[in-house]
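Colleague: My structure is below; once you've seen it, I'll send some questions.
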């Protein structure tokens, strides 16, 4: 799998973790799912940044990687 896709998956899991944490807080539950999603998201983003052959990913790379992923998905169908 491409490191860009791994990075995007990690970046997109972190906001889902925040939403899950707010939902758990509103219901009075412990945010176990949010902690798991956050840990996996951060781990994937860091892993992709470390495995990238020409350096690290940054926040400026997200729009370009997202557009490239959409194009790849569009071409697949």
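Please treat every number below as a calculation from the coordinates, not as lab data. Because the structure is a prediction, the values reported are computed rather than measured. Glycine also receives a Cβ, built like all others from the backbone with ideal geometry; neighbour counts cover every protein chain displayed.
Colleague: Mind listing whichever residues of the range 47-60 are surrounded by 15 or more Cβ atoms within 10 Å (Cβ to Cβ) and out of contact with any helix residue (DSSP H, G or I) (no Cβ under 6 Å at 6 or more places or on another chain)?
Modeller: Correct list: 49 only.
Colleague: For a quick check of your reading of the model, give me the residue pairs whose first member lies in the range 9-33 and is farther than 20 Å from residue 63 by Cα, whose second is surrounded by fewer than 16 Cβ atoms within 10 Å (Cβ to Cβ), with beta-carbon atoms closer than 6 Å and at least 6 apart or on different chains.
Modeller: Here the result reads 20/33, each pair linking the range 9-33 to a residue that is surrounded by fewer than 16 Cβ atoms within 10 Å (Cβ to Cβ).
Colleague: With respect to the numbered conditions (1) surrounded by 12 or more Cβ atoms within 10 Å (Cβ to Cβ); (2) at positive phi, which one is the sole condition not fulfilled by residue 9?
Modeller: (2)
Colleague: Still on this model: Looking only at the range 61-77, how many residues end up being under 23 Å from residue 19 (Cα atoms) and surrounded by fewer than 13 Cβ atoms within 10 Å (Cβ to Cβ)?
Modeller: Number satisfying all stated conditions: 1.
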